[in-house]
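Chemist: Just dropping this structure here.
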Amino acid sequence: MLSDALHEVLQRLENAARNAGRPSPRLLAVSKTQAATAVAELAAAGQRAFGENYVQEALAKQQNLNAPGLEWHLIGHLQSNKAAVAATAFDWVQTLDRAKLVPLLAAARGDDQPPLNVLIQVNIDDEAGKHGCRPEDVPALAEAVAAQPRLVLRGLMAIPAPDPDPEGRRTAFRDMKRLFDALASRYPQADTLSMGMTEDYAIAVEEGATMVRVGTALFGARSRDSGLGIRD
């Protein structure tokens, strides 16, 4: 049952945080490609925050679920032509990686909505073909986000390069923590460092993650299709 998986992941997160002497991180359930019924089951077990890769898939699930109490995070690459829809459909955008997106998100965020929570995605390993800004680009992007009243800069997000040994990602996590600490020293509202997934979230927590993104450990092996037939 998904409720059992949720309990186990939360317990492991708590243990990892306790062993590292750090606060327990928030859990983001990565629901991309999962059916709305699975999201509903996990929500019924107490999980509130869900991460989606595709704007249209997230919209379909939101309409299907009709659960206003849930919190939706965009964790997939954001195309410029989807920025306006993403700005109103999500509570968080974790993948801002270029200045062009900042005014697009700000202009589309509704006055009747709270400011959109934004994380800057960093390509911490300078991995070819991966989305995310360079570490040295973070200050300029942070300044651009902070200047927009309809956006709130909440921190950083990263997906380190794959490594057969999860320990191989520890250096990237440490680099992200240093980058995050520098950001938070300038922007007090920056309180979120989103890093770590099913195979390495314990290490990420040890290195300072305040939010981890877990899919497989909650839902099982990812299916090819959510059943919605929708992609961006």
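The values are calculated or read from the model by the stated rules, or taken from the named source; none is laboratory data. Computed from a prediction, not measured in an experiment: that's the story for all the values here. Reconstructed Cβ throughout: ideal geometry from the backbone, glycine too, with neighbour counts over all protein chains shown. Only protein heavy atoms, including side chains, enter the accessible area calculation; ligands, DNA and RNA are left aside. Shrake-Rupley method; radii C 1.70, N 1.55, O 1.52, S 1.80 Å.
Chemist: Tell me, which helices (runs of 4 or more DSSP H) wholly within region 113-223 include 3 or more residues that are farther than 25 Å from LYS32 by Cβ?
Modeler: Of the helices (runs of 4 or more DSSP H) lying wholly inside region 113-223, those with at least 3 residues that are farther than 25 Å from LYS32 by Cβ span 138-146, 170-186.
Chemist: Just checking, which of GLY129, GLY168, GLY155 is farther than 21 Å from LEU28 by Cβ and either open to solvent by less than 60 Å² (accessible area, probe 1.4 Å) or in contact with a Gly (Cβ under 9 Å, 6 or more places away or on another chain) (or both)?
Modeler: GLY168
Chemist: Taking the condition open to solvent by 40 Å² or more (accessible area, probe 1.4 Å), at pLDDT below 95, within 30 Å of GLU41 (Cα to Cα) and within 18 Å of the chain's Cα centre (by Cα), does ARG222 pass? Walk me through how you get there before you give the answer.
Modeler: Working: open to solvent by 40 Å² or more (accessible area, probe 1.4 Å): yes; at pLDDT below 95: yes; within 30 Å of GLU41 (Cα to Cα): yes; within 18 Å of the chain's Cα centre (by Cα): yes.
When the stated conditions are applied, ARG222 passes them.
Chemist: Could you please find all residues in region 70-106 being β-branched (Val, Ile, Thr), open to solvent by less than 10 Å² (accessible area, probe 1.4 Å) and under 21 Å from MET195 (Cα atoms)?
Modeler: Result: VAL93, THR95.
Chemist: Scanning region 171-199 for residues that are under 14 Å from LEU27 (Cα atoms) and modelled with pLDDT of 95 or more, which turns out nearest to the chain's Cα centre (by Cα)?
Modeler: Step by step, filter region 171-199, then rank; the result is SER194.
Chemist: Of the residues VAL9, VAL55, only one is under 15 Å from ALA202 (Cα atoms) and open to solvent by less than 10 Å² (accessible area, probe 1.4 Å); which? Full working, then the answer.
Modeler: Details: VAL55 fails: under 15 Å from ALA202 (Cα atoms).
One residue alone meets the criteria, VAL9.
Chemist: When you scan region 1-93 for helices (runs of 4 or more DSSP H) that lie fully inside it, which ones turn up with 3 or more residues that are within 28 Å of ASP111 (Cα to Cα)? First the steps, then the outcome.
Modeler: On the way: elements: 2-20, 36-44, 55-65, 83-89.
Counting at least 3 such residues, we get 55-65, 83-89.
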